[in-house]
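Data block below; observations after.
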Amino acid sequence: MTRTSDRERRRDPARIALYVFLLASAAFFLLPVVVVVLNSLKTMDEIRQGSLLALPASPTFDFWRIAWSSACSGIECRGISPGLFNSIKIAVPAVFLSVLVGALNGYALSQWKRPAADRIMLAITFGLFVPYQCMMYPTIVLARTGGLFGTYPGIVLIHVVYGIPYTTLLFRNFYAGLPDELTKAARIEGASFLQTFGHVMLPLSVNMLVVVGVLQFTGIWNDYFLGFIFAGNENAPMTVQLNNLVNNTRGEVAINVNMAATILTALPTLLVYLLSGRYFVRGIAAGAVKG
Amino acid sequence: MIGVGIRGVTKSYGALPILRGIDLTIDPGEFVVLLGPSGCGKSTLLNIVAGLEPLDDGAIEIAGEDMTHADPSKRHLAMVFQSYALFPTMSVRQNLGFGMRINRVPKAEIVRRVQSVAALLQIEPLLDRKPAQLSGGQRQRVAIGRALVRSTRLCLFDEPLSNLDAQLRADMRVELRRLHADLGSTMIYVTHDQVEAMTLASRVAVINRGKVEQVDTPQKVYDRPATLFVARFVGSPAINLLEGVLMADRRFRSATGATVDLSGYAFASTPRPGTEVVLGVRPDDVRVAEAPARRGDALSAVPAFTESLGPRSLLWLELDGQRWSMYVDAKGGAIPTGPFEPGFDAADASLFDKTTGVRL
């Protein structure tokens, strides 16, 4: 019975139309990715002669290798591999710190039941809606005054600070949804604020930590603007090096190498999404508190 | 076994008063139930005793020490919450041992105490499970276990049984009685369920709108309610009430002129004739008058319908425009079918001042 009804439902015209629409949307958004992947595997001759969407005659990863290790940007010809390391060096501590500070802030604000707490939250949320380009000049002056402009700790700090409003908001709402009695029980048991946070709340927030962590990682990894301004040449993240490579004015524009470099730059965020997927749907706290 | 003193505690949320001066002394080893309707402030009071909420004025003494501003962990107490509040990511064993781990109790000692409490509550097979893998009743046991591991001297309970079904609730009531008898802990228990209050308490404190209305043994609270509120709130089916005036010869006269002789009633002070009063009689105390007075001004009741309760039935009456009830024998006993004169012992009745609600 269920089999036939399933089949019938699958043949329902509205359902078919829905699938067509979804597939068309997916194709639309995937098209640029397809173009980039296809052309990173072709030689320049092939790209010049054929259509952008034509399949490569003899696919080769040579240009990925060139993009990785020997493509030139300006005077250097080391590809974008140094950028990968810089990006990791910037993103990992920045994600870790902004998520942890956001969780701690969020928990504190969710527990602090005074009008002042709401006003502070409002002020923090306000930070989300101010485009950071507007704050660039004062931020640069501040960073320079503090000796952090163009340094590695500087760029990490900038990312952490700009991430805090967002992570705090997400964690505050998450912790405000947990029953108060958990915190009360921990207090009765003699746990301090930090012990309650560390032993009870953080383990409860694993899925939340992953979700916020992935969002922060994507944001920080894909950032170009802050990295370009604050990181300095030595610590230039992958995005900045990609831009230097693509905008290299000397010689022929190597479309295939540029596209390969683009893929290499975007790859880590894709991997992070794929690996953390299951945490997005996991409800760890479900059913744990009430019967 | 430690005593608790609640001295003139007041608390308000903004302009809304929650507690208006609570005084209550709880002796070591007592099982005191704070009983009241929702919103009366009983849970707030418990949270204040626990130190989880600050008070506006007054003092809290625990074991003779002033604990008004002490941290919850310093108050030698444990608490069981309505939602159990087990830590979801920890196993039962870790839940039970959490407080001791935080307080750096030696490992061997933790193991020993967890084992003994688990044995006491018969939850040993559950020690390695997570709270999500337990049934409601099991979670409740673990929550009680976590409290007992921490302190067997003073335990606070915040409506701990209200999420259980009727059967389990009855079982856990018996269990709690047994634990109290075995351990002799001082227990303070908040509930709005009068059956829990009657069955568990050594003393009941009935709270209404942030004031203690009466503190007494359950039987006294039932038989001799100190206020009209207590009379109404305690007892199911509800107490029978009749408004009227007190007359010179210790007689009660209802609005329709029916009179009741109250010469057998133990007045708290000399009654003032002319006082507007409310007469209260428990359904258990009402019967068909054996020797009807057959006076023109006797009470007269008209049977409305009966509810069968198994061994006996509840007969609902129309009396002077009020709905009364009384018990009748289901088997053999005569169930009145027409108007009759109800009777009761004046000594069993309660009489309240209508304006103040205080027992006369």
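The values are calculated or read from the model by the stated rules, or taken from the named source; none is laboratory data. Computed from a predicted model, the values in this text were never measured in an experiment. As a convention, Cβ positions derive from the backbone with ideal geometry for all residues, glycine included, and neighbour counts pool all protein chains shown. For accessibility, only protein heavy atoms count, side chains too; no ligands or nucleic acids. Shrake-Rupley method; radii C 1.70, N 1.55, O 1.52, S 1.80 Å.
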Hey, does the stretch A:238-253 have a residue that's over 21 Å from A:T151 (Cα atoms), in contact with a Gly (Cβ under 8 Å, 6 or more places away or on another chain), of a type in the set (K, R) and more than 14 Å from chain B (Cβ to nearest Cβ)?
-> no
Quick one: B:L46 ticks every box in (1) open to solvent by 10 Å² or more (accessible area, probe 1.4 Å); (2) under 27 Å from B:R178 (Cα atoms); (3) within 23 Å of the chain's Cα centre (by Cα) except a single one, so which number is it?
-> (1)
Filter the stretch B:84-105 down to residues that are of a type in the set (G, A, S) and open to solvent by less than 10 Å² (accessible area, probe 1.4 Å) and give me whichever is farthest from the other protein chains (Cβ to nearest Cβ).
-> B:G97
In the stretch A:118-158, which residues are touching a residue at least 40 places away in the same chain (Cβ under 8 Å) and over 24 Å from A:S87 (Cα atoms)?
-> A:M121, A:I124, A:T125
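A quick yes/no check of all residues on (1) touching a Pro at 6+ places or on another chain (Cβ under 8 Å); (2) in contact (Cβ under 8 Å) with a residue 60 or more places away in the chain; (3) under 30 Å from A:R65 (Cα atoms); (4) open to solvent by less than 60 Å² (accessible area, probe 1.4 Å):
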| residue | (1), (2), (3), (4) |
| --- | --- |
| A:D12 | no, no, no, no |
| A:R15 | no, no, no, no |
| A:Y19 | no, no, no, no |
| A:L23 | no, no, no, no |
| A:L31 | no, no, yes, no |
| A:V36 | no, yes, yes, yes |
| A:K42 | yes, yes, yes, yes |
| A:D45 | no, no, yes, no |
| A:R48 | no, no, yes, no |
Residues A:V200, A:V212, A:V161, A:V206: which one is within 14 Å of A:L100 (Cα to Cα) and open to solvent by less than 20 Å² (accessible area, probe 1.4 Å)?
-> A:V212
Residue satisfying condition, being buried (at least 20 other Cβ atoms within 10 Å of the Cβ) and of a type in the set (D, E, K, R), within set A:R119, A:R114, A:R172 = A:R172
Failed item, numbered, when B:V49 is tested on (1) of a type outside the set (D, E, K, R); (2) away from every other protein chain (no Cβ under 13 Å); (3) assigned to a helix (DSSP H, G or I) | (2)
Which of (1) polar (S, T, N, Q); (2) within 26 Å of A:N222 (Cβ to Cβ); (3) surrounded by fewer than 13 Cβ atoms within 10 Å (Cβ to Cβ) is the odd one out, the single condition A:S58 does not satisfy?
-> (2)
Go through the residues of the stretch B:122-134 one by one and say whether even a single one is closer than 27 Å to B:M1 by Cβ, in a helix (DSSP H, G or I) and over 29 Å from the mean Cα position of the chain (by Cα).
-> yes
Name the residues in the stretch B:124-146 that are open to solvent by less than 10 Å² (accessible area, probe 1.4 Å) and away from chain A (no Cβ under 12 Å), would you?
-> B:L127, B:I144, B:G145
Please specify each residue of the stretch B:22-37 satisfying the condition of being in a loop (DSSP other than H, G, I, E, B) and surrounded by fewer than 23 Cβ atoms within 10 Å (Cβ to Cβ).
-> B:D27, B:P28, B:G29, B:E30, B:P37
When both residues are 6+ apart or on different chains and their Cβ atoms are under 6 Å apart, which pairs have a first residue that lies in the stretch A:192-216 and is more than 10 Å from chain B (Cβ to nearest Cβ), and a second that is charged (D, E, K, R)?
-> A:N207/A:R282
